[in-house]
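Read the structure below first, then the notes.
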Amino acid sequence: MAGTSTTGVANEPAVAAAAAADASAKKPPRRPRLNKETLAGYLFIAPGVIHSLLFIVFVLFVSAFLSLTRWDLVSSPEFIGIQNYVDLFSDELFFITIKNTVIFVLMFIPLTITLSLSVALAANTKLRGLAFFRTAYFFPYVASMVAVAIVFRWLFSSDYGLINGFLGWFGIDPVNWLNSCSTALPSIAFVSVWKGLGWNMTLFLAGLQGIPSHLYEAAALDGAGRWRQFRDITWPLLTPTTFFVLVTSVLGSFQVFDTAYLMTQGGPERCTYTYLYYLYQQGFRFFNMGYAAAMAWLLFAVLIAVTFIQFKFLNKRVNYELG
Amino acid sequence: MSSADVSTRVPPAQGSQVAKRARRLSGYVALSFLAAVSLIPFAWMISTSFKQRFEVFIYPPRWIPESLQWDNYLSLWRDFPFWNNWIFNSFKITIFVVLAQLLVCSMSAYAFARLRFPGRDLIFYLYLGSMMVPDVVNLIPTFVLMRSLGLLDSHASLIIPALASAIGIFMLRQFFLSIPRELEDAARVDGAGYWRIYWDVILPLSKPALATLGVFLFIWTWTDFITPLIFLSSPEKYTLTVGQAFINGQRSSDWERLMAANVMSLIPLLIVYLAAQRHIVQGVTLTGLKG
């Protein structure tokens with residue numbers, strides 16, 4: 001690895017190859033094919049690197065630049081500095097969509113974690129037919145959100161929907177699920193929870209089955225009840241899984257779009273107008289490309305911050321509880 | 001907790017038997033409940049897709065249609081470019097993306113896992129870091145880029161940006177690292193070059209990993225909605241998801257046909273998933289892929 005440290009900055013194949021040859025000249029000639037290997041390395045990664053230079057690196061710069069311009073796709077972009085970001089903070093809709101998205105996340109995350117963990121706990125015995133169940137649970141995860149959203153628009157339909165039909169058995173009046181402000185956003189959150197449930201439950205189950213059973217046996221000998229066992233063994237040892245489920249769920253839930261687009265179009269009265277839906281509207285309905293790019297960067301910043309906080313907070317917990 | 005109560009009241013040996021049985025029963029109840037919750041919406045979707053119009057709005061709901069209305073499926077073809085365009089387009093784009101990405105990602109992954117060259121680790125970490133960037137940040141500039149290349153409203157605008165991905169490179173690299181090096185040494189002694197080793201040794205040994213990545217790419221590409229929604233504008237170029245959204249907007253209470261379109265869009269996913277489900281569960285738990 002001596003070659004790597006001296007030429008860490010060299011990305012040009014020619015420069016790097018020369019430097020690598022240099023390094024090998026100083027060492028005993030144990031790897032006479034270093035040149036060839038370096039060249040092969042660059043050739044192998046070339047298609048991927050060229051692609052990502054264009055569609056990751058270049059595009060990120062374009063996006064950052066666009067967020068500093070006013071551009072409607074017709075005239076040429078006009079540089080306005082941080083004006084888009086300033087405007088966002090006096091945009092009433094921007095705050096409405098943030099509020100809706102945060103409420104969505106706050107409904108989605110606890111429900112997802114508790115439901116998928118409870119089912120995983122219930123399923124974590126040696127049961128026959130687990131494979132069948134897992135196939136069933138995975139299906140919502142594999143299905144497209146578009147199909148799922150349309151099916152649930154039908155299930156939630158106020159007059160003929162299956163859910164109101166089911167509630168009718170118990171004498172409950174039909175609920176106008178998607179057309180009333182108090183139920184529309186929870187309904188959408190429910191769809192997301194439903195779609196991810198089997199998936200997250202499987203992750204928890206894998207985590208549970210990785211906990212050595214002798215710990216429970218020892219705890220039972222010491223007279224620890226089920227709750228004590230859960231609190232002192234299961235929960236702390238499951239932290240890496242919980243952490244993974246939490247982080248990925250948070251990242252995904254901030255970007256809720258398909259259900260809002262297909263089930264409610266942001267309505268009623270903007271109650272399901274989510275952040276990404278607003279970004280889509282700004283960028284591709286009103287063609288405020290700069291404004292939409294600024295929104296994307298703000299979302300990016302928030303997601304990094306939220307993930308960072310989770311890393312800091314939860315990593316401490318693992319150490320404390322395992323120590 | 002109830003099982004713990006039981007065990008205090010009866011002799012230990014018998015008590016643990018009862019507790020075990022109670023746990024098993026509660027396990028099955030929970031599993032069956034979740035299975036029902038997971039599958040009922042799909043059952044209702046299939047049921048609705050075969051109903052006649054009047055049957056759709058019958059109350060109380062009827063599960064088994066009077067007769068199977070295959071015409072709900074056929075009329076999708078009469079009224080929309082459903083079969084010949086949308087389904088075909090989705091297949092075309094998905095297959096292109098899957099094959100191209102398997103090739104490009106496995107080439108990069110091989111180099112990152114096996115070859116030594118300056119800057120290797122730096123570039124790899126940059127890839128890892130790039131996975132933090134949410135897709136939506138790249139959506140707008142990619143749209144702009146495709147527009148300036150004159151590729152908007154073409155399938156190339158969906159295929160080209162998806163020819164490689166950091167997650168694919170990462171996943172395959174992890175797998176390649178687990179392949180014993182001795183297997184390559186034999187080939188090297190025989191004078192095989194890097195390409196031969198990659199193509200004739202590494203790739204054949206990596207079929208499970210390639211299958212897992214392929215299935216995930218298929219699912220992600222097939223179900224992608226926001227990108228084709230933004231990049232495509234002529235209805236005959238739509239992918240299936242955008243086509244479904246189109247019907248959803250145009251005929252928002254044609255439930256039997258909306259459900260027929262849903263069923264059609266899910267069949268390929270179901271086939272791919274069932275064919276590779278063992279790989280999916282394994283691959284997911286091993287690589288920590290997110291979806």
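The values are calculated or read from the model by the stated rules, or taken from the named source; none is laboratory data. Keep in mind that this is a model prediction, so the values were computed, not measured. Here Cβ is always computed from backbone atoms with ideal geometry, including for glycine, and neighbour counts include all displayed protein chains.
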Need the failing condition index for B:Tyr198 against (1) without any contact (Cβ under 8 Å) to a residue 60 or more places away in the chain; (2) in a helix (DSSP H, G or I); (3) under 28 Å from B:Ile95 (Cα atoms), just the number. (1)
Tally up the residues in region B:56-88 that are within 14 Å of chain A (Cβ to nearest Cβ) and without any contact (Cβ under 8 Å) to a residue 24 or more places away in the chain, please. 7
Take A:Ala23 and tell me if it is more than 8 Å from every other protein chain (Cβ to nearest Cβ), at pLDDT below 95, farther than 30 Å from B:Gly150 by Cα and assigned to a helix (DSSP H, G or I). yes
Single residue of B:Leu203, B:Leu210, B:Leu126 found to be surrounded by fewer than 16 Cβ atoms within 10 Å (Cβ to Cβ) and either at pLDDT 90 or above or assigned to a helix (DSSP H, G or I) (or both): B:Leu126
Which of the numbered conditions does A:Thr272 fail, given that it passes all the others? Conditions: (1) in contact with a Ser or Thr (Cβ under 6 Å, 6 or more places away or on another chain); (2) assigned to a helix (DSSP H, G or I). (2)
Just one of (1) touching an Asp or Glu at 6+ places or on another chain (Cβ under 9 Å); (2) at positive phi trips up B:Asp153, so point out which. (1)
Is it the case that region A:200-221 has a residue that's more than 9 Å from every other protein chain (Cβ to nearest Cβ), closer than 24 Å to A:Ala149 by Cα and of a type outside the set (Lys, Arg)? yes
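Conditions (1) assigned by TED's automatic domain parsing to the domain that holds B:Ile167; (2) at pLDDT below 85; (3) out of contact with any Gly (no Cβ under 8 Å at 6 or more places or on another chain); (4) over 30 Å from A:Arg228 (Cβ atoms), marked per residue:
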| site | (1), (2), (3), (4) |
| --- | --- |
| B:Val10 | no, yes, yes, no |
| B:Gly27 | no, yes, yes, no |
| B:Val37 | no, no, yes, yes |
| B:Ser47 | no, no, yes, yes |
| B:Lys51 | no, no, yes, yes |
| B:Val56 | no, no, yes, yes |
| B:Thr94 | yes, no, yes, yes |
| B:Leu102 | yes, no, no, yes |
Of the numbered conditions (1) closer than 29 Å to B:Arg251 by Cα; (2) at pLDDT 95 or above, B:Asn85 satisfies every one except a single condition; which is it? (2)
Region A:251-293 - residue that is in contact (Cβ under 8 Å) with a residue 60 or more places away in the chain, more than 10 Å from chain B (Cβ to nearest Cβ) and among the hydrophobic types (A, V, I, L, M, F, W, C) and, of those, farthest from A:Leu178 (Cα to Cα): A:Phe287
Residues of region B:215-254 classified as surrounded by 19 or more Cβ atoms within 10 Å (Cβ to Cβ) and away from every other protein chain (no Cβ under 12 Å), total: 2
Would you check if A:Phe138 is closer than 30 Å to B:Leu103 by Cα, within 8 Å of chain B (Cβ to nearest Cβ) and in contact with a helix residue (DSSP H, G or I) (Cβ under 9 Å, 6 or more places away or on another chain)? yes
Please go through (1) at negative phi; (2) within 7 Å of chain A (Cβ to nearest Cβ) for B:Ala113 and return the number of the only condition it doesn't satisfy. (2)
Considering only region B:39-63, state which residues are outside any helix (DSSP H, G or I) and either in contact with a Leu (Cβ under 6 Å, 6 or more places away or on another chain) or not basic (Lys, Arg) (or both). B:Phe50, B:Gln52, B:Phe57, B:Ile58, B:Tyr59, B:Pro60, B:Pro61, B:Trp63
Among residues belonging to region A:154-189 that are among the β-branched types (Val, Ile, Thr) and not in a loop (DSSP other than H, G, I, E, B), point out the one that is farthest from the other protein chains (Cβ to nearest Cβ). A:Thr183
Of the residues A:Phe138, A:Phe95, A:Phe133, which single one is assigned to a helix (DSSP H, G or I), aromatic (Phe, Trp, Tyr) and touching a residue at least 12 places away in the same chain (Cβ under 8 Å)? A:Phe138
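Matching residues to (1) free of Cβ contacts under 8 Å to residues at least 40 places away in the same chain; (2) within 19 Å of A:Met263 (Cβ to Cβ); (3) among the acidic types (Asp, Glu); (4) in contact with a helix residue (DSSP H, G or I) (Cβ under 6 Å, 6 or more places away or on another chain):
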| site | (1), (2), (3), (4) |
| --- | --- |
| A:Asn84 | no, no, no, yes |
| A:Phe89 | yes, no, no, no |
| A:Leu127 | yes, no, no, yes |
| A:Ala147 | yes, yes, no, yes |
| A:Leu155 | yes, yes, no, yes |
| A:Gly168 | yes, no, no, no |
| A:Trp177 | yes, yes, no, yes |
State which residue is surrounded by the fewest Cβ atoms within 10 Å (Cβ to Cβ) when the search covers only region B:93-110 and only residues that are facing chain A (nearest Cβ under 7 Å) and over 28 Å from A:Val247 (Cβ atoms). B:Met107
Among the helices (runs of 4 or more DSSP H) lying completely within region A:190-262, list those that include at least 3 residues that are among the small types (Gly, Ala, Ser). A:213-221, A:239-253
